[in-house]
Amino acid sequence: MEGKTQLTKFTFYDLYAELMDTLTDEERGKLLRAMCAYVFENAPPALTDKKIVYLWGNIVDTLCVDKMAQESGRTPKGLNRQMKHFMFHRNFYEALPLMDDKQAGQFAKAIYNFALKEQEPKLTSPVDTYYKLAKRKLQLSKTRSKVGKIGGNAPRVKVTDEQVSKLPRCGMGIDFEEFMSRNPQITNDLYRSSLHLADEVDWSMLDYCLPISKYQNCTSLYKILSNYDEILNGWKGA
């Protein structure tokens with residue numbers, strides 16, 4: 001809507017997870033779509049199922065408070081201290097049109113169980129792919145939060161190229177060493193706390209997409225991997 005701030009995230013409280021756990025995958029997917037459309041698109045919910053409508057009525061007030069706070073650049077007072085929560089990013093929402101309602105429900109449950117309980121799901125394609133991309137962003141948020149709580153004074157241990165090379169990777173193309181040899185301008189500036197960013201990276205796709213992304217001149221491996229999903233998704237609009 002014109003004049004409104006386009007939100008990049010909203011606070012997903014454990015209350016939402018508890019209510020979603022009472023739904024089937026398909027119902028959960030429909031509720032998640034309604035929540036995201038309300039927050040990110042300012043669209044009223046198009047719900048007909050009585051159970052989902054009832055649950056919506058139990059969360060819309062909390063969702064509205066958070067939405068208004070985000071739009072004004074403030075943190076919603078009280079709520080964050082009272083309930084466990086994590087940030088649900090617009091990038092997660094952008095994956096929903098690529099799935100049907102049942103898959104979207106599985107995607108939602110995988111995200112909130114990992115973020116709130118650190119539980120790993122068993123998923124099939126294509127949900128597993130979208131979850132892995134979302135997980136990277138959640139892990140980065142967790143890492144930043146931990147560093148912030150200790151004031152950033154924890155010992156910083158550099159990660160070697162050999163340590164990165166030993167991590168599991170996606171795809172069957174080039175590996176990390178070849179990626180670095182093809183991009184000599186990039187410096188491995190990863191530390192132990194950010195090593196997870198290099199886990200299950202498709203170095204071939206990254207090598208292909210990086211030159212056509214806005215990070216083409218970036219020399220920091222940390223920054224590139226922090227924006228990995230954005231870089232890989234960017235080729236679609238190139």
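Restricting VAL147, VAL127 to residues that are at pLDDT below 90, of a type in the set (Val, Ile, Thr) and closer than 24 Å to TYR228 by Cα narrows the list to VAL147. Against the criterion of being assigned to a helix (DSSP H, G or I) and not assigned by TED's automatic domain parsing to the domain that holds LEU133, LEU167 does not qualify.
Of the residues making up the stretch 46-67, just one is modelled with pLDDT under 90 and over 11 Å from PHE10 (Cβ atoms), namely ALA46. Annotation for the stretch 213-221: no member residue is in contact with a Lys or Arg (Cβ under 8 Å, 6 or more places away or on another chain) and within 23 Å of TYR131 (Cβ to Cβ). Only a single criterion out of (1) in contact with a helix residue (DSSP H, G or I) (Cβ under 6 Å, 6 or more places away or on another chain); (2) modelled with pLDDT of 85 or more is not satisfied by SER193, namely (2). Taking helices (runs of 4 or more DSSP H) as the structural unit, those lying wholly within the stretch 14-118 and holding at least 2 residues that are touching a Pro at 6+ places or on another chain (Cβ under 8 Å) and not β-branched (Val, Ile, Thr) correspond to 25-40, 50-71, 101-117. Note on the stretch 119-133: among residues that are outside any helix (DSSP H, G or I) and not hydroxyl-bearing (Ser, Thr, Tyr), the one that is nearest to LEU96 (Cα to Cα) is PRO126. Taken across the stretch 174-181, residues that are closer than 27 Å to LYS9 by Cα, modelled with pLDDT of 90 or more and among the hydroxyl-bearing types (Ser, Thr, Tyr) do not occur at all.
The values are calculated or read from the model by the stated rules, or taken from the named source; none is laboratory data. The shown structure was predicted, so the numbers you read here are calculated from the model rather than taken from an experiment. Virtual Cβ from ideal backbone geometry, glycine too; neighbours counted across all protein chains shown.
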